[in-house]
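Below: the structure, in structure tokens.
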Amino acid sequence: MANLYTLNYNVEMKHVYLSTLIIIFFAACSTKKSNNSEESNLLYSAKGWKPVTDNLGSYYLPNTITIKDSAYEVEFYLKQKEADEIVFIELVCDLGHDLSEHKGLSLTYKCDTALVIKLSQSDFGGEGDKSYAHYQYVVPASDTYVTQQLSFSNFTRPDWTPEYSKGKGLNLNNVDAIYLTPAVVDSIGGKALLGVKELILQQ
């Protein structure tokens, strides 16, 4: 029990350190970008960023976080799914506002798997129908930083959207976060390195 307590304590302290490091990074970088454009890099201006995983065994690695060259990189590990488990890994961008005044986004990223970009719409979340079948778009894997320009009109709901949730349209008034999800196959599990250099909303 003592060893388990020590392990949990050390993991918790690593996460506290990581959270502090992220706050310092974005505070420092916020002075690097001017507001002379209607487009603003959310890497600096969003309400917050955080890596998120399930509590079934998936995790992100605090000691692999890289913050350099105005980019944020994190390595995830997705647990192999068992039975009806729901496992996930995500980098969440809390916008601090909705997307009603925007028509698309530009993302500069790298990821060693395909990357799912999800628009977190409250209609499908915990306060909605709980399907979590958000509108999404999948961009290909890339081991170097590349930029994708995407229109929200091209986002669709996943194939596994339950029948009771189908027919509900994209409502940008109800989207206040963007999730970046490495597309690791959940029946296999494994690692994924995700890096973000720019996320810009387009009007």
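The values are calculated or read from the model by the stated rules, or taken from the named source; none is laboratory data. Note that the structure is a prediction, hence the values are computed from the model and not measured. For neighbour counting, all protein chains shown are included, and Cβ atoms are generated from backbone atoms with ideal geometry for every residue, glycine included.
In region 125-182, which residue that is aromatic (F, W, Y) and within 17 Å of the chain's Cα centre (by Cα) is surrounded by the fewest Cβ atoms within 10 Å (Cβ to Cβ)?
This residue is Y145.
If L107 meets every condition in (1) closer than 21 Å to K197 by Cα; (2) more than 13 Å from the chain's Cα centre (by Cα); (3) surrounded by 14 or more Cβ atoms within 10 Å (Cβ to Cβ); (4) modelled with pLDDT of 95 or more apart from one, which number is that one?
(2)
Within region 69-139, which strands (runs of 3 or more DSSP E) (wholly inside it) include 2 or more residues that are within 16 Å of S153 (Cα to Cα) and aromatic (F, W, Y)?
Once the strands (runs of 3 or more DSSP E) in region 69-139 are filtered for at least 2 residues that are within 16 Å of S153 (Cα to Cα) and aromatic (F, W, Y), what remains is 135-139.
For region 57-83, how many residues meet the condition of being hydroxyl-bearing (S, T, Y) and modelled with pLDDT of 90 or more?
4
Look through S153, S187, S131 and report the one residue that is out of contact with any Leu (no Cβ under 9 Å at 6 or more places or on another chain) and in contact (Cβ under 8 Å) with a residue 40 or more places away in the chain.
S187
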